[in-house]
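The values are calculated or read from the model by the stated rules, or taken from the named source; none is laboratory data. These numbers come from a predicted model, not from an experiment. Cβ placement follows ideal geometry from the backbone for every residue including glycine, while neighbour counts extend to all protein chains displayed. The protein model used for the area step is the full one, side chains on, heavy atoms only, and it has no ligands, DNA or RNA in it. Shrake-Rupley method; radii C 1.70, N 1.55, O 1.52, S 1.80 Å.
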Amino acid sequence: MSTVEKSGSFKLGDRTVKRLGYGAMQLAGKGVFGPPRDRDEAIAVLREAVESGVDHIDTSDFYGPHVTNQIIREALHPYGDDLVIVTKVGALRGADASWYQAFSKEELTAAIHSNLKNLDLDVIEVVNLRAMFDVHGPAEGSLEAPLTVLAELQRQGLIKHIGLSNATAKQVDDGRRITEIVCVQNQYNLANRDDDALIDKLAAEGTAYVPFFPLGGFSPLQSSTLSDVAAQLGATPLQVALAWLLKRAPNILLIPGTSSRGHLRENLAVADIELSDDVMAQLDGIAAAKGA
């Protein structure tokens, strides 16, 4: 059994994927804008991830923009039958690398066709609608209009499944009145646990939860407790943070990103890390201390 297989598996749409996946965001340049510093290494990372057993890659045509999808196509096309590529729509990038909402029918339709072209796909397995009412976190607002557009594109056969990103629990419930929601992708990690109740609800319903910024994103996790546990286990703090997510709930699919093969190997090795209930309790205290 490979390390990735040890992470277990979970349903994503009508597919079952290993819980350790790969997020392609870091394959773009600084600030997720422009080309990578080392395109050859980016291609090598993707190929090694798939060779190691990763069967779930998260991307978006607004990473770069277009950069990560084009690198995925160059590295992996023609894709293996077991590879699930998930993308996101709902945002566009300005010339100054800014992010802005793109929810109109024309913008969403163009985004789907752009993803299809740059990935060289006839149909996208899963498309997440990125809510943009607040760039930095979930905020209430109606997703009815953009989800209705995506549901129509789904009926046309361009999309198989639809998920939500940066969404509130209410938006998930409301969205299900329009179409099946197969996954929710929000920021969640040891120190940012606003979605605890949502994760448990989705787990009970058999819906995947995909935490982005599992290692803290642009502000990496820092905790003496995390460092102490890592030292005891002979692992890095970030490996322990990922292992905690794997044990936190069975419906969590991990998509840690990196542009380095060495770092990729460290990320994939987390499936070999065993966390006892006592260690989990210690790590759970990190969020409590942060909120104190």
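Taking the range 6-20 as the search range and keeping residues that are among the small types (Gly, Ala, Ser) and open to solvent by less than 40 Å² (accessible area, probe 1.4 Å), which one is nearest to residue 183 (Cα to Cα)? Write out each step before concluding.
Of the residues in the range 6-20, the ones among the small types (Gly, Ala, Ser) are 7-9, 13.
Retained after the next criterion (residues that are open to solvent by less than 40 Å² (accessible area, probe 1.4 Å)): 7-8, 13.
Details: 7: 18, 8: 17, 13: 8 Å.
Per the stated criteria, the residue is 13.
Can you tell me which of (1) closer than 26 Å to residue 16 by Cα; (2) polar (S, T, N, Q); (3) at pLDDT 95 or above is the one residue 189 doesn't meet?
Among (1) closer than 26 Å to residue 16 by Cα; (2) polar (S, T, N, Q); (3) at pLDDT 95 or above, the lone unmet condition for residue 189 is (3).
Rundown of residues vs (1) at pLDDT 95 or above; (2) in contact with a Leu (Cβ under 9 Å, 6 or more places away or on another chain), yes/no style:
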{"site": "3", "(1), (2)": "no, yes"}
{"site": "8", "(1), (2)": "yes, yes"}
{"site": "15", "(1), (2)": "yes, no"}
{"site": "21", "(1), (2)": "yes, yes"}
{"site": "27", "(1), (2)": "yes, yes"}
{"site": "48", "(1), (2)": "yes, yes"}
{"site": "61", "(1), (2)": "yes, yes"}
{"site": "64", "(1), (2)": "yes, yes"}
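Provide a single number: the residues in the range 248-292 that are of a type in the set (Asp, Glu), without any contact (Cβ under 8 Å) to a residue 40 or more places away in the chain and closer than 20 Å to residue 55 by Cβ.
Qualifying residue count, the range 248-292: 1.
Is it fair to say residue 47 is open to solvent by 60 Å² or more (accessible area, probe 1.4 Å), over 30 Å from residue 95 (Cβ atoms) and out of contact with any strand residue (DSSP E or B) (no Cβ under 9 Å at 6 or more places or on another chain)?
yes
For residues in the range 80-103 being touching a residue at least 12 places away in the same chain (Cβ under 8 Å) and outside any strand (DSSP E or B), which is surrounded by the most Cβ atoms within 10 Å (Cβ to Cβ)?
Ranking the candidates gives 90 first.
If you take the residues of the range 267-292 that are within 15 Å of residue 5 (Cα to Cα) and among the acidic types (Asp, Glu), which of them is most open to solvent (accessible area, probe 1.4 Å)?
Selected residue: 274.
Are any residues in the range 68-79 surrounded by fewer than 24 Cβ atoms within 10 Å (Cβ to Cβ) and touching a strand residue (DSSP E or B) at 6+ places or on another chain (Cβ under 9 Å), and if so, which ones?
70, 76, 79
Here's the yes/no breakdown for (1) closer than 20 Å to residue 58 by Cα; (2) in a strand (DSSP E or B); (3) out of contact with any Pro (no Cβ under 6 Å at 6 or more places or on another chain); (4) open to solvent by less than 30 Å² (accessible area, probe 1.4 Å):
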residue: 137; (1), (2), (3), (4): yes, no, yes, yes
residue: 140; (1), (2), (3), (4): no, no, yes, no
residue: 148; (1), (2), (3), (4): no, no, yes, no
residue: 154; (1), (2), (3), (4): yes, no, yes, no
residue: 163; (1), (2), (3), (4): yes, yes, yes, yes
residue: 167; (1), (2), (3), (4): yes, no, no, yes
residue: 173; (1), (2), (3), (4): no, no, yes, no
residue: 178; (1), (2), (3), (4): no, no, yes, no
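Being of a type in the set (D, E, K, R) and either in contact with an Asp or Glu (Cβ under 7 Å, 6 or more places away or on another chain) or in contact (Cβ under 8 Å) with a residue 60 or more places away in the chain (or both) is the filter here; which residues of the range 110-129 pass it?
Residue satisfying the conditions is 125 alone.
Just checking, how many residues over the range 255-272 are in contact with a Lys or Arg (Cβ under 9 Å, 6 or more places away or on another chain) and outside any helix (DSSP H, G or I)?
1
Inspect all residues belonging to the range 198-216 and state whether any of them is on the phi < 0 side of the Ramachandran plot, acidic (Asp, Glu), open to solvent by 10 Å² or more (accessible area, probe 1.4 Å) and part of a helix (DSSP H, G or I).
Yes, some residue in the range 198-216 is on the phi < 0 side of the Ramachandran plot, acidic (Asp, Glu), open to solvent by 10 Å² or more (accessible area, probe 1.4 Å) and part of a helix (DSSP H, G or I).
Consider residue 238 against the criteria (1) hydrophobic (A, V, I, L, M, F, W, C); (2) part of a helix (DSSP H, G or I); (3) crowded, with 17+ Cβ neighbours inside 10 Å; (4) at pLDDT 95 or above: it satisfies all of them except one. Which criterion is unmet?
(4)
Could you please find all residues in the range 9-45 being closer than 20 Å to residue 61 by Cβ and part of a loop (DSSP other than H, G, I, E, B)?
Answer for the range 9-45, where residues must be closer than 20 Å to residue 61 by Cβ and part of a loop (DSSP other than H, G, I, E, B): 13, 21, 24, 28, 29, 34, 35, 36.
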